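The values are calculated or read from the model by the stated rules, or taken from the named source; none is laboratory data. A quick note: this is a predicted structure, and the numbers were derived from the prediction, not measured. Counting neighbours? That spans all protein chains shown, and the Cβs are built from the backbone with ideal geometry, glycine included.
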Amino acid sequence: MSLKDTYLEQIQAKLDQWSAELDKLEAKARDAKADVKVSLQEHIDVLRQKRDDAKARLKEIRESSNGAWEDLKEGLEGAFGSLREAINKAKSHF
C-alpha cells in the first residue's frame, strides 16, 4: 500500500467517524425543544457544509496523481481541522 493510500484510508476513517457524530447530533435536534432545535440545526448545517468540503477535497486527492496529492494534502488537512473544531464545539455545546 502506498503512502497516499494509507493516508486516504486514515482520512476516510476519520471522516466516517465524524459523519456518525453528525448523525447523532441530527437525532438530538429531532428530539430537542424548539428553541434548542433551531440553534442545533444551525450548527448541523455548518457541519454538513464543512463535511462536504472535506469530502470534496478528499475526492480531489483520490483522483490526483501520486506526485500531486501531497500538494493537495494541506487543503484537506485545513478542511479537516475546521470540521474537527466545529464538531467538538457542537458536541460540547449540546
- [ ] Output the qualifying pairs, or none if there are none: Cβ atoms under 7 angstrom, residues six or more apart or on different chains, first residue in the range 32-49 and surrounded by 15 or more Cβ atoms within 10 Å (Cβ to Cβ), second residue of a type outside the set (A, V, I, L, M) and not in a helix (DSSP H, G or I).
- [x] 40/94
Task: Verdict on residue 92 being surrounded by 15 or more Cβ atoms within 10 Å (Cβ to Cβ), without any contact (Cβ under 8 Å) to a residue 12 or more places away in the chain and of a type outside the set (Lys, Arg) - done: no
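Return the residue satisfying two criteria in turn: it lies in the range 1-20 and is touching a residue at least 40 places away in the same chain (Cβ under 8 Å) and under 10 Å from the mean Cα position of the chain (by Cα), and of such residues it is nearest to residue 86 (Cα to Cα). Let's see the steps before the verdict.
Filtering the range 1-20 for residues touching a residue at least 40 places away in the same chain (Cβ under 8 Å) gives 2, 4, 7-8, 11-12, 14-15, 18.
Then drop every residue that is not under 10 Å from the mean Cα position of the chain (by Cα), which leaves 11-12, 14-15, 18.
Numbers: 11: 17, 12: 18, 14: 14, 15: 13, 18: 10 Å.
The extreme case among them is 18.
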Task: The listed residue being loosely packed, with under 15 Cβ neighbours inside 10 Å and at negative phi, out of 86, 20 - done: 20
Open item on the list: I'd like to check something: does the range 51-74 contain any residue that is surrounded by 11 or more Cβ atoms within 10 Å (Cβ to Cβ), modelled with pLDDT under 85, aromatic (Phe, Trp, Tyr) and in contact with a Lys or Arg (Cβ under 8 Å, 6 or more places away or on another chain)?
Closed with: yes
Task: Count - residues of the range 1-56 that are under 20 Å from residue 89 (Cβ atoms) and of a type in the set (S, T, N, Q) - done: 5
Open item on the list: With the requirement that a residue be more than 14 Å from residue 21 (Cα to Cα) and out of contact with any helix residue (DSSP H, G or I) (no Cβ under 7 Å at 6 or more places or on another chain), what does the range 74-92 give you?
Closed with: 74, 77, 78, 81
